[in-house]
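Here the structure is laid out as structure tokens; the discussion comes afterwards.
The values are calculated or read from the model by the stated rules, or taken from the named source; none is laboratory data. Everything numeric in this text was worked out from a predicted model, so none of it was measured. Cβ sites come from the backbone with ideal geometry, for glycine too, and all protein chains shown count toward neighbours.
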Amino acid sequence: MTISRRTLLQGTAAATAIGSFHIGRANAQTPEFTYKYANNLPVAHPMNIRANEAVEKIKDETKGRVLIQIFPNNQLGSDTDMLSQVRSGGVEFFTLSPLILSTLVPNASVSGIGFAFPNYDAVWKAMDGELGAYVRGQIAKSNLVVMDKIWDNGFRQMTSSRGPINTPDDLKGFKIRVPVSPLWTSMFTAFQASPASINFAEVYTALQTKVVDGQENPLAIISTAKLFEVQKYLSATNHMWDGFWFLANRRAWERLPEDLRTIVAKNIDAAALLERADVAKLNAGLKDELVSKGMTYNDTKAEPFRDALRKAGFYAEWKKKYGDEAWAILEKAVGGSLS
């Protein structure tokens, strides 16, 4: 399936009803396992499109024994609500940024350190290699199951209603929405900004009502969530790479017989690789798309921002928090010293 920018931006009225995104074909066999998968992204985002394909394949390959219903776009609550639900078993599957997961698994956010990854080649080498394996080991200690392949959210960019972000000085006193995660708050505090932790479901309204001046997200989310309607300036900062770990409630996962677990994991991980390619293609064209929607675009250079974080003690602080082992794996992955 080819996903174009047009596909990405097309909504569907059916998705407004809870649980209606996945519409299964008639199957003579009643499912043995009916599980819920919740996420925070719009229905048109590649993650939901590829996940819907995966759950169809899972149903077919398990001969109808496993039915996974998708609840996109925060239909089952905020990120923090859904994290609680996947821990308790209220939902069986959930995709979450490692930076928000860090509220439960502190070292999960090591992959999101500001201005660490220079490009996607470095990201995938790290997340499919030693750094990803380290983080999955940390997640497993929290009694959650995590799939092998992380899905792509993308390099994050800053938007503003106040003016472009060209240098660290432009962030001084800047009221910016950040996800509910200590790493984000710490980084923007180091820039002398005023970060406000707000769940994604409330971001559009917070920008519209000027509770905050700006926010930061990958281009695909800026586009699908229509943030261009309430933000004028788009600054390509690439300040963090962010992904989505596909999490499962351990009790629900272990209820599946081993052969069914194999089918589910195989299809979810395959969908993750397809979604990565989709996001890469979309990002290549979304800059022009967002400019055509009225946004003003500017490029930035990473080094002044990295220097500002270094001088503020940001890297030294997080090296201490993560510990020497995690920090060494990160620096090996990004090809050099950060602190």
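Every listed requirement among (1) closer than 21 Å to L83 by Cα; (2) of a type outside the set (V, I, T); (3) surrounded by 20 or more Cβ atoms within 10 Å (Cβ to Cβ) is met by L207 save one, (1). Among the conditions (1) at pLDDT 95 or above; (2) crowded, with 23+ Cβ neighbours inside 10 Å; (3) out of contact with any Ser or Thr (no Cβ under 7 Å at 6 or more places or on another chain), the only one that G112 does not satisfy is (1).
Residues that are in contact with a Ser or Thr (Cβ under 9 Å, 6 or more places away or on another chain) and at pLDDT below 95 within the range 47-74 comprise just one, N73.
Within the set E275, E229, E254, the sole residue that is surrounded by 16 or more Cβ atoms within 10 Å (Cβ to Cβ) and at pLDDT 95 or above turns out to be E275. Candidates in the range 29-46 are the residues that are among the hydroxyl-bearing types (S, T, Y), modelled with pLDDT of 95 or more and farther than 16 Å from L96 by Cβ; of these, the one that is surrounded by the most Cβ atoms within 10 Å (Cβ to Cβ) is Y35. For the range 200-214, a tally of residues being among the hydroxyl-bearing types (S, T, Y) and outside any helix (DSSP H, G or I) returns 1.
Contact map, the range 180-207: first residue over 22 Å from N39 (Cα atoms), second residue of a type in the set (S, T, N, Q) and in a helix (DSSP H, G or I), Cβ cut-off under 7 Å, separation 6 or more or different chains; pairs are P195/T185; P195/T189.
Each row is one residue, and each column tells you yes or no for (1) in the same structural domain as I221 (by TED's automatic domain parsing); (2) more than 25 Å from E229 (Cα to Cα); (3) more than 16 Å from the chain's Cα centre (by Cα); (4) not in a helix (DSSP H, G or I).
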residue: V110; (1), (2), (3), (4): no, yes, no, no
residue: P118; (1), (2), (3), (4): no, yes, yes, yes
residue: A126; (1), (2), (3), (4): no, yes, yes, no
residue: A133; (1), (2), (3), (4): no, yes, yes, no
residue: K149; (1), (2), (3), (4): no, yes, no, yes
residue: I165; (1), (2), (3), (4): yes, no, yes, yes
residue: R177; (1), (2), (3), (4): yes, no, no, yes
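The single condition among (1) hydroxyl-bearing (S, T, Y); (2) buried (at least 24 other Cβ atoms within 10 Å of the Cβ); (3) touching a Lys or Arg at 6+ places or on another chain (Cβ under 6 Å) that T95 does not satisfy is (3).
When the strands (runs of 3 or more DSSP E) confined to the range 227-339 are screened for residues that are hydrophobic (A, V, I, L, M, F, W, C) and either under 29 Å from N48 (Cα atoms) or more than 19 Å from the chain's Cα centre (by Cα) (or both), those reaching at least 1 such residues are found at 233-236, 241-249. The set of residues from the range 193-225 being under 19 Å from D152 (Cα atoms) and not polar (S, T, N, Q) comprises F200, E216, P218, L219, A220, I221, I222, A225.
Here F200 meets the list (1) under 23 Å from L83 (Cα atoms); (2) in the same structural domain as N74 (by TED's automatic domain parsing) almost entirely, failing just condition (2). Checked against the criterion of being modelled with pLDDT under 95 and either in contact with a Leu (Cβ under 6 Å, 6 or more places away or on another chain) or buried (at least 20 other Cβ atoms within 10 Å of the Cβ) (or both), the candidates P179, P168 yield just one match: P179.
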